[in-house]
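Novice: I'd like to ask some things about the structure below.
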Amino acid sequence: MWGGRFAEGPAAVMREINASIPFDKRLWRQDVAGSKAHAAMLGAQGIISPEDAAAILAGLETVAAGYEANGVADDLALEDIHMQTEARLAEAIGPVAGRLHTARSRNDQVATDFRLWVRDAIDETDSALAAFQEALLTRAEEHAASVMPGFTHLQSAQPVTLGHHLMAYYEMIARDRSRFADARARLNLCPLGSAALAGTGFPIDRTMTAAALGFDGPTRNSLDAVSDRDFAIDYLAAAAQCALHLSRLAEEFVLWASQPFGFVSLSDQWSTGSSIMPQKRNPDAAELVRGHSGRIIGCLTALMITMKGLPLAYSKDMQDDKPPVFEASDLLGLSIAAMTGMVSSATFRTDRMRGAAEAGFATATDLADWLVRVANIPFREAHHITGHAVKRAETLGVALDTLSLDDLKSIDARIDERVYDVLGVDASVAGRTSFGGTAPARVRAAIAVAREGRKP
């Protein structure tokens, strides 16, 4: 492929280190699509004859059919998917295949292919995240009024509802989808026609090829176009943030499935057993999602380190841009599917959740708020009074809402029987009616808004 410049072929190790076909063969659909757009433009511009353009387009259809049927061979001598496609095209239509590479370089070719692949990956990820959000909405609606403890520092803090808790993850995923959408919008300019780095002297129509490939337009600087991998880093950054969110829910499932919590039972489909302990039901799927997040973050770090010191324009280091993106995409897809399956099929032990909410003095803040609202006591003083009440209940070994009125009055005489209206967990969650709060009515309203926003 190097023509007359080199008298000898590469050493065996050089051949192996230089070849990217074992991984960039995943770009074959994008490579064929880009080549079709380029060939059609060359024909339309009169750079190649209409007959040659037609032959190349037909040949590319044959190449694509062969890839679809048989896969892409790991031919190290052909180095990458671009040379592989050109070689297969030559086998199909003969020497005219050599005209396809007029007015383009592998530099702008790979930049275009990779953008197309990342764009497709974003679309697939968005679809999977939409399905995950649907699972969250369905279970949140089912448990809009199911009381559970809300935690800070993993200590019981205030009662919330399971529906409200699940909707928190809905909001996280909504932000993830917006990050992917932003990344997609930024990447949607076409590098094709930038050639090696300086553009080309052929009278090409870059707007035509950009439109044919679904881009908003061509990139504006040829140096930047062939050396930019921001779009891949943007994708990985969004993937890493999404993986963090999935990992947080996975960690909660791991905790909740343990016997001390007992808040959830994962289905057999998403659990494994032990090779030695017959009683075990391990939340391995959740643990693997948690583990995958570290690998996805590593993929982001790897590409950023690769790119951090590269001068303009293209350097061979950039051949290593694709493996971390491919790995992250695979892992994220698995993680989203696993979490969707776990959320959809989990059995939530709402009795255990309610018991935990009732056991941890979680309505203490409701007592303090009542003292402020009804007894007109400054909050800091109310906080102090409530602390004494909690200590009294703890000493007696009873829940806060079962303290006698005499016990409460002995702490502060301004407390009366109306306080019991707020001390139960149901009253506590029902009273959190502020926008974004955990009151069941608010949760159902949030679900309705989310469903409305998801309509086509």
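Novice: Summing +1 for each Lys or Arg and -1 for each Asp or Glu, what net charge is found among the other residues whose Cβ lies under 13 Å from the Cβ of Val429?
Specialist: +1
Novice: Determine the gain in length on full extension of the stretch Gln259-Met14; use 0.36 nm per residue of separation and subtract their C-alpha separation, reporting nm with one decimal.
Specialist: 82.6 nm
Novice: Multiply the residue gap between Ala211 and Ala441 by 0.36 nm, knock off their C-alpha separation, and tell me the result in nm, one decimal place.
Specialist: So the extension gain works out to 78.0 nm.
Novice: For Ser227, Ser156, give me the order by solvent-accessible area with a 1.4 Å probe, most accessible first, ignoring ligands, DNA and RNA.
Specialist: Greatest to least solvent exposure: Ser156, Ser227.
Novice: From the square roots a ≥ b ≥ c of the eigenvalues of the alpha-carbon gyration tensor of the stretch 4-85, which class results: rounded (a/c under 1.5), prolate (a/b over b/c), or oblate?
Specialist: Because a/c hits 1.5 or more and a/b fails to exceed b/c, the stretch 4-85 counts as oblate.
Novice: Counting only protein heavy atoms, what percent of the accessible surface of the stretch 197-318 is carbon or sulfur at a 1.4 Å probe?
Specialist: Carbon and sulfur together cover 56 percent of it.
Novice: Please find the FRET efficiency linking Glu124 to Ile305, where r is the Cβ-Cβ separation and R0 is fixed at 25 Å, and quote it to the nearest 0.05.
Specialist: Computed FRET efficiency for Glu124 and Ile305 comes out at 0.40.
Novice: Quick one: compute the contact order of the stretch 357-437, relative version, from alpha carbon pairs under 8 angstrom and 6+ residues apart, as a percent.
Specialist: 36
Novice: Could you tell me the calculated FRET efficiency between Arg29 and Leu223, based on Cβ-Cβ distance and R0 = 22 angstrom, to the nearest 0.05?
Specialist: 0.20
Novice: State the number of lysine pairs found in the chain whose Cα atoms come within less than 17 Å, restricting to pairs 8 or more positions apart or on distinct chains.
Specialist: Close lysine pairs found across the chain: 4.
Novice: Roughly how much of Asp407 is accessible, in Å² to the nearest 10, using a 1.4 Å probe?
Specialist: Surface accessible to solvent at Asp407 totals approximately 30 Å².
Novice: Using a 1.4 angstrom probe, figure out how much accessible area the chain has per residue, in square angstrom, rounded to the nearest whole.
Specialist: On a per-residue basis, the chain sits at 47 Å².
Novice: Working from Cα positions, state the angle (0 to 90°, nearest 10) between the long axis of helix 162-187 and the longest principal axis of the chain.
Specialist: With rounding to tens, the tilt is 20 degrees.
Novice: In Å and whole numbers, how far do the C-alpha atoms of the stretch 83-224 stretch along each principal axis, longest first?
Specialist: The principal-axis extents, from largest down, are 72, 33, 26 Å.
Novice: Summing -39500 (n - 2.57) over the DSSP H runs of n ≥ 4 in the chain and dividing by its residue number, what mean residue ellipticity at 222 nm do you reach, to the nearest 500 deg cm²/dmol?
Specialist: Calculated mean residue ellipticity at 222 nm is -20000 deg cm²/dmol.
Novice: Moving on to the next point. Of the DSSP beta bridges with both residues in the chain, give the percent that are antiparallel, rounding to the nearest 5.
Specialist: Approximately 90 percent, going by the DSSP bridge assignments.
Novice: Grab the other residues whose beta carbon is less than 14 angstrom from that of Ala39, score K and R as +1, D and E as -1, and report the net.
Specialist: Taking every Cβ under 14 Å from that of Ala39, the sum is -3.
The values are calculated or read from the model by the stated rules, or taken from the named source; none is laboratory data. Everything numeric here is computed off the predicted structure, so don't read it as measured data. Note: ideal-geometry Cβ built from the backbone for every residue, glycine included; neighbour counts use all protein chains shown. Note: areas computed on protein heavy atoms with side chains; ligands, DNA, RNA excluded. Shrake-Rupley method; radii C 1.70, N 1.55, O 1.52, S 1.80 Å.
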